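Structure first, then comments.
The values are calculated or read from the model by the stated rules, or taken from the named source; none is laboratory data. Just so we're clear, the structure is a prediction, and the values are computed from it rather than from any experiment. Here the Cβ is made from the backbone with ideal geometry for all residues, glycine too, and neighbour counts use every protein chain on show.
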């Protein structure tokens, strides 16, 4: 919109005053009327120009604000699309790293290279998948701070909501740690308990080598048929392959418990020796790698 400069308006008003004054003669009454008319013209014209300028500036501000909002929300939308890709990649990696029981069974049948892959030094050793849920995302998203803590800025709120949404990745395995002597119990309907325990045992046998993890089963005789498949896992065998760690009666359970106590006692005695040997082996391996 074209704006009339106030200086031009004042010049036009003064010109009108001079012209009307010359035409009306030199009478005092005529001169006073001309001056009054010119003053009213200047005041009214100035007010009109101010209103027009204010409306023009307001329209321009609204237009600029609308354009900035469109650009900002388009940017947030593109960032969200990128975050979706990153979260899906993380989800795929976690699901592939910790597959479901059916996939674990296929790994065992195919004798894949991933069978018995983790070692006791790995962070996920003896961490079994209990189901799907949410984990903290590895994507770091920072949102700006509110400029005024008393008045929330909706643009900052939108960025904060996006950052909070991207802080977690959903539909990924949730693990149950069994390390450091922790005990884990499962409660609920019997069918659900049996299915959960079977899934955990399949994972344990798939991911952990039998020389690092032993499986001990105390099964009532009435349920032996349902758990008979455990007898064929290498994890229930002793190191000398002379006994299975499976008991079905109270006498067998007592004998097996005594045997395990003796085995654990011997391992506790040998633990310092293994620790010293491990600390001496690591520098030697490092020297060989450097050479």
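Side notes on the structure shown:
- Qualifying residue in the range 150-158 (condition: at positive phi, surrounded by 12 or more Cβ atoms within 10 Å (Cβ to Cβ) and touching a residue at least 40 places away in the same chain (Cβ under 8 Å)): no
- Within the range 186-223, the set of residues being without any contact (Cβ under 8 Å) to a residue 12 or more places away in the chain, over 26 Å from residue 243 (Cα atoms) and either assigned by TED's automatic domain parsing to the domain that holds residue 245 or within 29 Å of the chain's Cα centre (by Cα) (or both) comprises just one member, 186.
- With respect to the conditions (1) under 20 Å from the mean Cα position of the chain (by Cα); (2) in a loop (DSSP other than H, G, I, E, B); (3) surrounded by 11 or more Cβ atoms within 10 Å (Cβ to Cβ), residue 140 falls short on a single one, namely (3).
- Test: residue in the range 152-168 that is in the same structural domain as residue 201 (by TED's automatic domain parsing) and in contact with a strand residue (DSSP E or B) (Cβ under 9 Å, 6 or more places away or on another chain): yes
- Yes/no for residue 241 being at pLDDT 80 or above and surrounded by fewer than 10 Cβ atoms within 10 Å (Cβ to Cβ): yes
- Residue check for residue 179: loosely packed, with under 14 Cβ neighbours inside 10 Å, in contact with a strand residue (DSSP E or B) (Cβ under 8 Å, 6 or more places away or on another chain) and outside any helix (DSSP H, G or I): yes
- Residue in the range 236-251 that is in a helix (DSSP H, G or I), under 43 Å from the mean Cα position of the chain (by Cα) and within 30 Å of residue 113 (Cβ to Cβ) present: yes
- Residue check for residue 232: over 21 Å from residue 178 (Cα atoms) and within 42 Å of the chain's Cα centre (by Cα): yes
- Residue check for residue 122: part of a loop (DSSP other than H, G, I, E, B), outside the structural domain of residue 235 (by TED's automatic domain parsing), under 27 Å from the mean Cα position of the chain (by Cα) and under 30 Å from residue 246 (Cα atoms): yes
- Filter pass, residue 76 being over 30 Å from residue 234 (Cα atoms), over 15 Å from the mean Cα position of the chain (by Cα) and not in a strand (DSSP E or B): yes
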